[in-house]
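Computed from the coordinates by the stated procedures, all read-outs in this text should not be read as laboratory data. These numbers were taken from a predicted model, which means no experiment stands behind them. FYI the Cβ positions are ideal-geometry reconstructions off the backbone, even for glycines, and counts take in every protein chain you see.
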Amino acid sequence: MSSVEKAGASKASPCSRIRLKAANRNAPQTADEKSRRSTPSRTSPAARARSSWPSTMDEIPSMRVSRRSMAPVVPASSVARATMTVPPRFEGARRLEAQRCDLLRDRTHCVNRLRALLLESNPAFERELDCEAAWALSLMSRVGGPWQTLDAGRRRWAALTRDAPRGAADRLWATLSLATRPTDPQVRAEATLVRVLASRIAEDTALVAELAALVEAEVGGDETYRCLLTVPGVGPRTAAQLVLSVDISDFEDHDHLASYCGLVPRNRQSGTSPDSVSSSRQGNKQLKNLLIFSCSCLARGSGYYREYYERCRDRGMPYKAAIKAVARKRLKVIYAVMRDVRPYVA
């Protein structure tokens, strides 16, 4: 079609343009035009995928796949630190510690479920009761919830609460008259569920203590473990987790160790402009929680870390941020103790 015809077609009516296109389709085509129409201008996705993969697996060098065909190859140095292995002498302790952590999570879940049941049945009873106390677990595993306790009578209540703290049993008994009794089906279901959950919490507590003693016996002879116990705020559980999770030779300095423990901030940056600085959610979460929570006693005590905590608060940092800052400061000492295998000296 000439340029004049194209200009006329652009000014013609829609019906004229349709008739012109139909005439062009029916016109005879040359060999070049047929080859251009039969050959697609863009390769299909299936053809591109087939061309990106070799015909045999032997042609893939070291099983490294091209970035265009699959995800980019991750170098060995970028593998997550969670896959680090412990020394052979600590392999048994590592498995015991993993099982103990599972039991702790299960116990926490059962405690929360028990509190939800008691809160729905009698809020005042749930507020006064310590669900993790040995005497309270023994009471609930034998009798049940608040309404089974009320049906059992004051005499049996006094016999089952002999080990309770002074005044706690009387305050708990007084809460039984502060709520309306639910329906009979709810009371029967509550009796079964409270007994089951209380028995499971008591069993998990006993197993956690047993496994903790076994882990301490496994790592108690290690010199690094004994040196870590001299660091302020580091107890047997935190020291054992550090020994089982950290190979200090893998970290160049305390900054790399802090990154592995998740105690470094995370920068969100667009180009050359940082948007914000927030707490990192990466790293060894279990070790991070132990290191942070064990600093609560340092903030309440006295000494260097107490003074550092107060300086952080004076700068306007909230409580959680100040505790994390104390944990980050103490991690420098932990790194030096594990690197040199020397006790901490204030």
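Observations, loosely collected:
- For the stretch 88-219, alpha-carbon Rg and Dmax in angstrom: 17.3, 59
- Cβ charges +1 (Lys, Arg) and -1 (Asp, Glu), total dipole of the stretch 88-219, debye: 380
- Computed log₁₀ I(q)/I(0) - Debye formula, equal Cα scatterers, no solvent, the stretch 199-346, q 0.12, 0.16, 0.17 Å⁻¹: -0.57, -0.94, -1.03
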